[in-house]
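The values are calculated or read from the model by the stated rules, or taken from the named source; none is laboratory data. All values reported here derive from a predicted model rather than from experimental measurement. Don't worry about glycine lacking a Cβ; one is built from the backbone with ideal geometry, like all the others, and counts go over all protein chains shown. When the accessible area is computed, the model is the full protein with side chains, heavy atoms only, and any ligands, DNA or RNA have been set aside. Shrake-Rupley method; radii C 1.70, N 1.55, O 1.52, S 1.80 Å.
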Amino acid sequence: MRQGGSIGKSAYPAEALKRRQDGTTTLTVHVSSKGKVTTCSITETSGSTSLDDASCAFVRSVRFDPARDENGRAVEGDARFPMTWRLPKD
């Protein structure tokens with residue numbers, strides 16, 4: 001599954017910016033055969049609730065290429081991956 005987007009400065013949670021928080025949130029998502037995230041859970045926290053929440057919010061807005069079965073048909077599936085948040089340079 002491929003992510004079809006990127007995180008810009010405007011997606012960075014205001015609370016995390018104010019507190020100067022960054023880190024990596026590891027997510028497990030379930031993706032439908034149409035490429036839509038149906039569930040998102042935090043597998044490993046970044047240590048910041050606002051970054052963790054923003055990670056799931058962001059990934060729900062992204063369309064994925066769904067998994068494919070042996071016949072090439074789109075199927076639902078799970079993916080686990082990290083989202084790294086770095087404070088924007090002023």
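Restricting attention to the range 60-71, the residues that are more than 11 Å from the chain's Cα centre (by Cα) and surrounded by fewer than 14 Cβ atoms within 10 Å (Cβ to Cβ) total 5. Please indicate, with yes or no, whether at least one residue in the range 72-90 is crowded, with 17+ Cβ neighbours inside 10 Å, of a type outside the set (A, V, I, L, M, F, W, C) and not in a helix (DSSP H, G or I). So far as the range 72-90 goes, no, none of its residues is crowded, with 17+ Cβ neighbours inside 10 Å, of a type outside the set (A, V, I, L, M, F, W, C) and not in a helix (DSSP H, G or I). Of the residues that sit in the range 7-47 and are in contact with a strand residue (DSSP E or B) (Cβ under 6 Å, 6 or more places away or on another chain) and in a loop (DSSP other than H, G, I, E, B), which one is least open to solvent (accessible area, probe 1.4 Å)? My answer is G35. Here A57 meets the list (1) touching a residue at least 12 places away in the same chain (Cβ under 8 Å); (2) surrounded by fewer than 17 Cβ atoms within 10 Å (Cβ to Cβ) almost entirely, failing just condition (1). Considering (1) within 21 Å of A11 (Cα to Cα); (2) at pLDDT 95 or above; (3) open to solvent by 20 Å² or more (accessible area, probe 1.4 Å), the lone condition that L51 does not fulfil carries the number (3). Within the range 24-47, residues that are of a type in the set (A, V, I, L, M, F, W, C) reach partners that are assigned to a loop (DSSP other than H, G, I, E, B) and surrounded by 14 or more Cβ atoms within 10 Å (Cβ to Cβ) with beta carbons closer than 9 Å, at six or more positions or on different chains, in the pairs V29/M1; V31/M1; V31/P66; V31/E76; V37/V62; V37/R63.
Among residues belonging to the range 15-38 that are touching a Cys at 6+ places or on another chain (Cβ under 9 Å) and of a type in the set (V, I, T), point out the one that is farthest from R73 (Cα to Cα). Selected residue: T25.
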